[in-house]
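Reviewing the structure listed below.
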Amino acid sequence: MMLKRPFKAAQLKWRKGPGGKELVYITARDVMDRLDESVGIDGWTTHLHEVEGRVTCELSIRFGERWITKTDGAGDTGIEGEKGAISDSLKRSAVLWGIGRYLYHPSAFHGRDPVEWATPEGYDKIMAKKHNKEIEEFRRELGNV
């Protein structure tokens, strides 16, 4: 559940995309911090590979003794080239685990303002109710208090 938890509005970055449309994103450091907080610094690892001019990132998370890997990739970016491809491939792999996936949902924002469910507080409220817990109890279990 912690992997999918929305980010604070202050962590969200915006840029112009195709056709001038505004796109929201998080940084690779936000992804790394979320992984550290969620599964611990020894609970995840990455392996980068080049495949046909694209950088792929294998993002593995440990569950008990078992490692599960999800992979995605990206090409060089117009801003930071190869470094951008590395960061983007990590972020794209993280989306496969649910990290920042909500950022792609068409109803997650009104302009640049996240709707309630796309905020940490709104998410906590919904998940606490779903699991029939008080919000404080839910947050303690996530390690957020």
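Going by average Cβ density within 10 Å per residue, which order do the peptides 41-54, 111-124 take, highest to lowest?
The peptides rank, most packed first, as 111-124, 41-54.
Once R0 is set to 22 Å, what does the formula 1/(1 + (r/R0)^6) return for the Cβ-Cβ distance between Leu96 and Glu50, expressed as a FRET efficiency to the nearest 0.05?
Taking R0 as 22 Å, the efficiency between Leu96 and Glu50 is 0.70.
First obtain the Kirkwood hydrodynamic radius of the range 27-99 from its Cα pairs, then insert it into the Stokes-Einstein equation at 25 °C and 0.890 mPa s, and state the resulting D in µm² per second as a whole number.
Result for D is 200 µm²/s.
Per DSSP H run of n ≥ 4, the term is -39500 (n - 2.57); total these for the chain, divide by its residue number, and report the mean residue ellipticity at 222 nm rounded to 500 deg cm²/dmol.
Dividing the helical sum by the residues of the chain leaves -10000 deg cm²/dmol.
For Leu3 and Thr69, compute 0.36 nm times the residue count separating them, minus their Cα-Cα distance, and round to one decimal in nm.
Using 0.36 nm per residue and subtracting the Cα-Cα distance, I get 22.3 nm.
Considering only Cα-Cα distances, which of the following residue pairs are longer than 21 Å: Lys70/Lys91; Lys13/Lys70; Lys70/Lys133?
Lys13/Lys70; Lys70/Lys133
Measure off 7 Å from each Cα along the Cα-to-Cβ vector at Leu142 and Ile126, then give the distance between these two points in nanometres to one decimal.
Rounded to a tenth, the inter-label distance reads 1.1 nm.
Looking at the chain as a GNM with Cα springs under 10 Å, which of Leu35, Leu59, Leu23 has the largest mean-square fluctuation?
Leu23
Which of rounded, prolate, oblate describes the chain, given a ≥ b ≥ c as roots of the alpha-carbon gyration tensor eigenvalues and a/c under 1.5 marking rounded, otherwise prolate only if a/b is larger than b/c?
Here the chain falls in the oblate category.
Bear in mind that the values in this text are calculations on the coordinates, not laboratory data. Predicted model only: the values in this text are computed from it and were never measured. Reconstructed Cβ throughout: ideal geometry from the backbone, glycine too, with neighbour counts over all protein chains shown.
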